[in-house]
Amino acid sequence: MEKKKLQNISIAALIISVLPFATLIPVFLQIVLPDGLRTVWGGVNIACVIMGLCLSIICIKNNESRSLINIISTIISALLLMLVIGFIILALFLSFLQ
């Protein structure tokens, strides 16, 4: 039962890790979103990155549940988290320059 539970968590982690890429859909369709919706979308993306990373770490911690899906979702979430942290640092740096 626990192996099935961890497998479901690993699939959920992969889906949540890939979900922030849905931000690119309006960009490719050249749709301009209102400011409030962009803010909410950004907050959801940050929450998805953190949640995906936490779920991936939970799954990858157990040696029996380590699989390619878990490794891929951990890598995706870690890269997206570094990207988010980079944007936050850049925003703080630019706000201090002004």
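The values are calculated or read from the model by the stated rules, or taken from the named source; none is laboratory data. Keep in mind it's a predicted model, so treat the numbers as computed, not measured. When we count neighbours, we look across all protein chains shown, and the Cβ atoms used for this are built from the backbone with ideal geometry, even at glycine. Surface areas here come from the heavy atoms of the whole protein model, side chains and all, with no ligands, DNA or RNA. Shrake-Rupley method; radii C 1.70, N 1.55, O 1.52, S 1.80 Å.
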Among the residues that make up the range 56-65, is at least one of them of a type in the set (Val, Ile, Thr) and out of contact with any helix residue (DSSP H, G or I) (no Cβ under 6 Å at 6 or more places or on another chain)?
yes
Would you check if MET51 is under 11 Å from the mean Cα position of the chain (by Cα), surrounded by 15 or more Cβ atoms within 10 Å (Cβ to Cβ) and either among the aromatic types (Phe, Trp, Tyr) or at pLDDT 85 or above (or both)?
yes
Which residues, counting only those in the range 60-87, are touching a residue at least 24 places away in the same chain (Cβ under 8 Å) and open to solvent by 80 Å² or more (accessible area, probe 1.4 Å)?
GLU64
Which one is farthest from the chain's Cα centre (by Cα) among residues in the range 22-39 that are without any contact (Cβ under 8 Å) to a residue 12 or more places away in the chain and surrounded by 12 or more Cβ atoms within 10 Å (Cβ to Cβ)?
LEU33
